[in-house]
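Student: Below is the structure I would like to discuss, written out as structure tokens.
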Amino acid sequence: MGFQVAYVPIGVGTFHLESAQVQFDKSVKMLRDITEDVVVPEQMLLSIDLLDEFLDKINPDLIVLQNITFANAAYATEVLRKFSCPILLWTLREPVIDGGRLRLNSLTGAFSAANSIKAFRKDSKFEYMFGAPDEQEIIDKARAVINAARVKKDLKGLKLVSIGHTPQGFGFGRALDCDITSVFGATLDSIESRELINKAKSYTDEECEEYLNDAKKKIVGLDNTPEKNVKDFAKLYKAYKDYVTENHIGAISSRCWPDFFTDFGTPVCAVLSLLNSLGVSASCESDTYGALSMYIGSKLTGKSCFFGDPVSLDEGENTITFWHCGMASCDLARKDTGAAVGVHPNRKLGPTMEFGCESTEHATIFRVGRDENGKFRFFIAEGAVLDKPKQFLGTSIVVKTDNNSRKIVEDAVKGGWEPHYVVTYGSCAEELEALGNMLGVEVCRF
């Protein structure tokens, strides 16, 4: 079934219904402006019978539970009894304070509803907002929570594949299928990298010609790569692209070194770059949680994500530079250089990607990590990508952080965070926090 948001406005008929009706109409309009996937009742739900009648018709992935007026805890209890999906609890601001009648008493109702939610769901979190439907802060909050709930549903349909084992010393990216499914709802499969290497070796040059032509439209400078490496790259591109397409895979974490240099003679970096540009989140060094982070970031922003190591800190600019050997999505390349091709900085084999990333005013640094006890946590920091050329051989991105960059680095290192991060092209910190709450994952804002 498709994604569904349910607007559940609860109340009683003893308050000022004219004021409540105005807020009901405005709330419906606001939610419909945000998403076409919202279902709303024909009228305010001012009795348990009306509430039950509406609840029997819906199958929500998110409930927007609004106290249109005061409602006692029985209303929220009825919702909680029937559904386990995330809840956004919404308190309306009193429309008039004039010494006269209390028109809505929505806030007291919110306390009753929240008390019931915590009683039913114990340690789990819910989202909350206070304000009128025409306030920008309320609109932004509702949009963020709805987007987070949509990604939570998308994760249940995600097929994630780990291609090859993590290299020695890179165990932070190694994932177990039961962990991925129990927390995120996604499925995790694993294959050996040699399976795709052997598949690539079996192709003829003619079978890979269309893949090579496709690559040449997106990356620059393949003609400067030795012919054997170009042909082997095309074979590898076909092997990976066909595999993810035929198996309906949304994200992969791929082994890269040393196998593709020693056993195949051509790196996989440029292949991963192309897959990312096609909407298949692809990390290297078999970092499965890195691939999961990329998938979440791309779903929230609709754009490719950068994946790499924090390698440089500039206190004067308040920037952190992220870098990797050469697998950044080719659609992130600066326009003045394009997605240029080069050779691996250590292995001296190509094709790999060689470019700095284009700038954006709003970016989010993100990581699905695990703490010292193995529990999941989200790393979130905000900033902007600066207009900077390539900083080192490979691909790089320079992020000016909103908060102190040195403190972010120091706190992350002392907190034992992993060495791989995702940079999203877009501001999605609020969505990520809401998603973390929905998944029961610790959220760490930097």
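The values are calculated or read from the model by the stated rules, or taken from the named source; none is laboratory data. The structure presented is a predicted model; accordingly, all values stated were derived computationally and were not measured. FYI the Cβ positions are ideal-geometry reconstructions off the backbone, even for glycines, and counts take in every protein chain you see. Surface accessibility is based on the protein's heavy atoms, side chains included, excluding ligands, DNA and RNA. Shrake-Rupley method; radii C 1.70, N 1.55, O 1.52, S 1.80 Å.
Student: Charges at C-beta only: +1 for Lys and Arg, -1 for Asp and Glu. How large is the resulting dipole of segment 286-427 about its Cα centre, in Debye rounded to 20?
Tutor: Dipole size: approximately 340 debye.
Student: Rounded, prolate or oblate: pick one for segment 137-255, where a ≥ b ≥ c are the square roots of the eigenvalues of its C-alpha gyration tensor, a/c under 1.5 means rounded, and failing that, prolate if a/b is larger than b/c, else oblate.
Tutor: In terms of gyration-tensor shape, prolate.
Student: Sticking with this one: Compute the whole-percent fraction of alpha carbon pairs in the chain spaced more than 32 Å apart.
Tutor: Beyond 32 Å sits 45 percent of the P(r) for the chain.
Student: Quick one: which residues, 5 or more positions from ASP189 or on another chain, have an amide H under 5 Å from its amide H? H modelled 1.01 Å from N in the peptide plane, none for Pro or chain starts.
Tutor: LEU160, VAL161, SER162
Student: So how strong a dipole does the chain carry about its Cα centre when Lys and Arg Cβ are +1 and Asp and Glu Cβ are -1, to the nearest 20 debye?
Tutor: 500
Student: Roughly speaking, to the nearest percent, how much of the chain's 1.4 Å accessible area is carbon and sulfur? Mind dumping the intermediate values first?
Tutor: Values: 9140 of 18910 Å².
Percent of accessible area from carbon and sulfur atoms in the chain: 48.
Student: Would you compute the Debye intensity of segment 349-446 from its alpha-carbon atoms alone, equal scatterers and no solvent, and pass along log10 I(q)/I(0) at q = 0.14 Å⁻¹ to two decimals?
Tutor: Calculated log10 I(q)/I(0) at the listed q: -0.58.
Student: Rounded if a/c is under 1.5, else prolate if a/b is larger than b/c, else oblate: which is segment 112-199, with a ≥ b ≥ c the root eigenvalues of its Cα gyration tensor?
Tutor: Details: a/c = 3.44, a/b = 2.34, b/c = 1.47.
Prolate, because a/c is 1.5 or more and a/b exceeds b/c.
Student: If you don't mind, another one. Efficiency by 1/(1 + (r/R0)^6): what FRET value for LYS26 and GLU442, r their Cβ-Cβ distance, R0 = 30 Å, to the nearest 0.05?
Tutor: For LYS26 and GLU442, the calculated efficiency is 0.25.
Student: Lysines within cross-link reach of LYS29: Cα-Cα under 16 Å, excluding same-chain residues under 8 positions apart?
Tutor: LYS141
Student: What shape does segment 226-355 have by the C-alpha gyration tensor, where a ≥ b ≥ c are the square roots of the eigenvalues, rounded means a/c under 1.5, and otherwise prolate means a/b greater than b/c and oblate the rest?
Tutor: Note, shape of segment 226-355 comes out oblate.
Student: Pairing the Cα long axis of helix 429-439 with the longest principal axis of the chain, what angle in degrees results, from 0 to 90 and rounded to the nearest 10?
Tutor: Here the helix axis deviates by roughly 80 degrees.
Student: How large are Rg and Dmax for segment 64-109 when only the alpha carbon atoms are used, in Å?
Tutor: Over segment 64-109's Cα set, Rg and Dmax evaluate to 12.5, 40 Å.
Student: Pairs LYS201/LYS390; LYS218/LYS390; LYS228/LYS303; LYS335/LYS375; LYS218/LYS299: which exceed 29 Å Cα-Cα?
Tutor: LYS201/LYS390; LYS228/LYS303; LYS335/LYS375
Student: In whole Hz, with x marking every Gly and Pro, tabulate ³J(HN,Hα) for segment 29-44 from phi via Karplus 6.51 cos²θ - 1.76 cosθ + 1.60, θ = phi - 60°.
Tutor: For segment 29-44, the Karplus curve yields 4, 4, 5, 5, 5, 7, 8, 7, 8, 9, 10, 10, x, 6, 8, 4 Hz.
Student: What are the extents of the Cα atoms of segment 1-99 along their three principal axes, in Å, largest first?
Tutor: Result for segment 1-99: principal-axis Cα extents of 48, 30, 20 Å.
Student: Moving on. Taking all protein chains together and a probe of 1.4 Å, list TRP417, TRP257, TRP90 from the most accessible to the least accessible.
Tutor: Accessible-area ranking of TRP417, TRP257, TRP90, largest first: TRP257, TRP417, TRP90.
Student: So if a site counts as exposed when it's one of the trypsin sites (Lys or Arg not before Pro), its DSSP state isn't H, G, I, E or B, and it has at most 11 other Cβ atoms within 10 Å, what's the longest stretch of the chain without one?
Tutor: That gives 218-334 as the longest site-free run.
Student: Would you be so kind as to identify which of CYS330, GLY440, THR91 lies farthest towards the positive end of the dipole of the chain, taking Lys and Arg as +1 and Asp and Glu as -1 on Cβ and the Cα centre as origin?
Tutor: GLY440
Student: For segment 406-420, take each phi angle, set θ = phi - 60°, evaluate the Karplus expression 6.51 cos²θ - 1.76 cosθ + 1.60, and give the result in whole Hz per residue in order, putting x for glycine and proline.
Tutor: After applying 6.51 cos²θ - 1.76 cosθ + 1.60, I find 5, 5, 4, 5, 4, 5, 5, 5, 5, x, x, 6, 5, x, 10 Hz.
Student: To continue, here is another question. What residues qualify as long-range amide H neighbours of LEU349, i.e. H under 5 Å apart, gap of 5 or more or another chain, H built at 1.01 Å from N?
Tutor: HIS344
Student: In addition: Below 8 Å, C-alpha to C-alpha, sequence gap of six or more: please give me the relative contact order for the chain in percent.
Tutor: Taking the mean separation of contacting Cα pairs over the length of the chain, I get 13 percent.
Student: With point charges of +1 on the Cβ of Lys and Arg and -1 on the Cβ of Asp and Glu, referenced to the Cα centre of the chain, which listed residue (GLY369, VAL22, ALA340) lies farthest in the positive direction of the dipole?
Tutor: So the residue furthest toward the plus end is GLY369.
Student: Out of all DSSP beta bridges in the chain, what portion is antiparallel? Express it as a percent rounded to 5. Write out the running numbers ahead of the final one.
Tutor: Values: 33 of 70 bridges.
Antiparallel bridges: around 45 percent, rounded to the nearest 5.
Student: At 1.4 Å probe size, put ASP287, ASP387, ASP214 in order of accessible surface, largest to smallest.
Tutor: ASP387, ASP214, ASP287
Student: For segment 175-281, build the charge dipole from Cβ charges (+1 Lys, Arg; -1 Asp, Glu) around the Cα centre, then report which of CYS208, SER193, THR266 sits farthest towards its positive end.
Tutor: THR266
Student: Find the accessible area per residue for the chain; the probe is 1.4 Å, ligands and nucleic acids are left out, and the unit is Å².
Tutor: 42
Student: Still on this structure: Could you give me the ³J(HN,Hα) list for segment 204-212, computed from phi with Karplus coefficients 6.51, -1.76, 1.60 and θ = phi - 60°, whole Hz, x at Gly and Pro?
Tutor: For segment 204-212, the Karplus-derived couplings read 8, 4, 5, 5, 9, 4, 5, 5, 5 Hz, x marking Gly and Pro.
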